[in-house]
Amino acid sequence: MGKVSIALRGWRFDEDAVFDEDGEMRPLRDMDNETRTRIIRLSVAAGQPCDACWLKYGRANVQQCNVARVIYGEPLHELLLCADHEPDFLYWFREEGGRDLADRPTDFEDGFYEWFDDGNRAPEDYGGMEYVNTEPEEVPKPQQGDMPTLEEELARMDDEELDALDVDLSDLDFDEDDDDDLDIDDPGLGDLDV
Ligand SMILES: [Zn+2]
């Protein structure tokens, strides 16, 4: 079963949840609640201006705003972004703590707005087009055709699959060195200013 984006990139749907076997969109009443909510929000979001452009130009200059091409976040707390501003979002998501807010939709939305409104931006050459999944319960999947990293592969596996791989962590020897050594050079804890 494939995953598809509809109208805007970002949100992804199980093809079967949205379309019937003839490729026609199912009636909304036949969709599960989550899918229906997102489809309805998409119909509202499609054609809207980019949120980042909006923050930049404001209501007075709405004609300067690009139309959003990407949607992230949760229904009713969506972030809408144009292609120019998607790298800023991705940078915030990956490098500035956005990922940690993914399970708190209001903070997620507000967090990006605040970050962007403070004048923060992605570095000039930041690559933005790689797909990220911002849904907290799902592991980000690379765009089709990209080679997934081992880390992603492992994170995607459930325990059963790991068992099948016969990874025996008990073979690793943690006891050789005395535990007391571990904290001495810890940079994170040493600098705490309480
Ligand atoms: Zn924009």
Practice prompt. Sticking with the crude label model, points 7 Å out along Cα→Cβ, report the distance from ASP107 to ASP125 in nm, one decimal please.
Written response: 3.5
Worksheet entry | Most positive-pole-ward Cα, ILE71, ALA45, PRO105, against dipole of segment 45-134 from beta carbon charges | ALA45
Worksheet item: Check SER5: other-chain or 5+ apart residues with amide H under 5 Å from its amide H, H built from backbone geometry?
Response: PHE13
Item to complete: Work out, step by step, the length gained on full extension between THR37 and HIS77: first 0.36 nm times the residue separation, then minus their alpha carbon distance; give nm to one decimal.
Response: 13.2 nm
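Since every read-out is calculated from the coordinates, none of them should be taken as a lab result. Model, not experiment: these values are computed from the prediction. We place every Cβ from the backbone using ideal geometry, glycine too, and count neighbours over all the protein chains shown.
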